[in-house]
1. If a/c stays under 1.5 just call it rounded; otherwise compare a/b with b/c (prolate if a/b is bigger, oblate if not). Do that for the stretch 1-55, with a ≥ b ≥ c from the square roots of the Cα gyration tensor eigenvalues.
2. Lys and Arg at +1, Asp and Glu at -1: add these up for the other residues within a Cβ distance under 12 Å of LEU199 and post the number.
3. Calculate one ³J(HN,Hα) per residue across the stretch 164-176 by plugging θ = phi - 60° into the Karplus curve 6.51 cos²θ - 1.76 cosθ + 1.60, and present them in order as whole Hz with x for glycine and proline.
4. Per-residue HN-Hα couplings for the stretch 82-97, Karplus 6.51 cos²θ - 1.76 cosθ + 1.60 at θ = phi - 60°, whole Hz, x for Gly and Pro?
5. Under the 0.36 nm per residue contour assumption, what length would be gained going from the current alpha-carbon distance of MET8 and VAL174 to full extension?
6. Subtracting the Cα-Cα distance from 0.36 nm times the residue separation, let me have the gained length for VAL120 to TYR132 in nm, one decimal.
7. First measure r as the distance between the Cβ atoms of PHE76 and ASN202, then evaluate 1/(1 + (r/R0)^6) with R0 = 45 Å and state the FRET efficiency to the nearest 0.05.
8. Report ³J(HN,Hα) in whole Hz for each residue of the stretch 6-15, in order, from the Karplus equation J = 6.51 cos²θ - 1.76 cosθ + 1.60 where θ = phi - 60°; Gly and Pro get x.
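Bear in mind these aren't lab numbers, they're just calculated from the coordinates by the rules spelled out. Treat the numbers as computed from the prediction; the structure is a model and nothing was measured. No Cβ is skipped: glycine too gets one built from the backbone with ideal geometry, and neighbour counts run over all protein chains shown.
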Amino acid sequence: LIVKTILMPLTYKSYVSMGNMKVLAPEIEEIRQKYPEDMAKQQQEQMKLYQQVGVSPLSGCIPVLATMPILFALFFLFPNLIELRQQSFLWAKDLSTYDAFIRFPFHIPFYGSHMSLFTVLMTVSSIGYAYYSNQMTPTQPGPVNMKFLSYVMPLMFMFFLNSFPAGLTFYYFVSNLVTIIQQLIIRRMVDDKKIKAILEENRKKFKEKPQKQSKFRDYLEKSLQAAEEAKKKQEAQQQRKPNRKK
């Protein structure tokens, strides 16, 4: 609860970023349909749209990356906590090792001969959190379906963390529940209508007084333009080759 309270501002920013992308999803889809074969042009138009409404596509990633050191620190902390040794909680007899809620008479590859109930609860809560987050995130085109992957990852961790300390998997379980509750509270505070109103206000301000691009955004735009020019040159060269043969 202490960790989640400290990270609340980052959770709020991440949620608002997802809300921004959800509201902009129809306009982004229009851009993709307008330039279906030109990925560089799509990226350029999307960057212009983000600049007009004052949205950064990276703003949702930064809060997540900021929480990663804490998650990794806790991941290495729990197995080494002396205070958890021989400490029981609910059905777990020792929080410093896995809780063998059910023991199997056989060994399952990559899973073991037992089932950790805390790990199962953590997996269920992770899938629930992924489902909730996917409702806020528009589907991104590409070879990898990120929404499907968000369901697969918790199942992979269920196998990986089955033999880890019960204290760790219980922590992740509670952490997921608290995050879902936090986002439900934030959703009541900031809904799609409010986000859309803010974006439209930013768009009006941009029309009245265009703002200068950041150095990073300017670099991205120049890179996209260079990629588009290189593509056009390549297409022109391919068109000249058949003419030369004739």
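1. prolate
2. +3
3. With coefficients 6.51, -1.76 and 1.60, one gets 8, x, 4, x, 5, 5, 5, 4, 5, 4, 5, 4, 5 Hz.
4. Whole-Hz 3J(HN,Hα) from phi for the stretch 82-97: 5, 4, 8, 5, 6, 8, 8, 7, 6, 8, 7, 7, 8, 6, 7, 9.
5. The span from MET8 to VAL174 would gain 58.3 nm if fully extended.
6. Working it through step by step, the gained length comes to 2.5 nm.
7. On the way: r = 42 Å, r/R0 = 0.93.
It comes to 0.60.
8. Calculated HN-Hα couplings, in order: 5, 8, 4, x, 5, 4, 5, 5, 5, 5 Hz.
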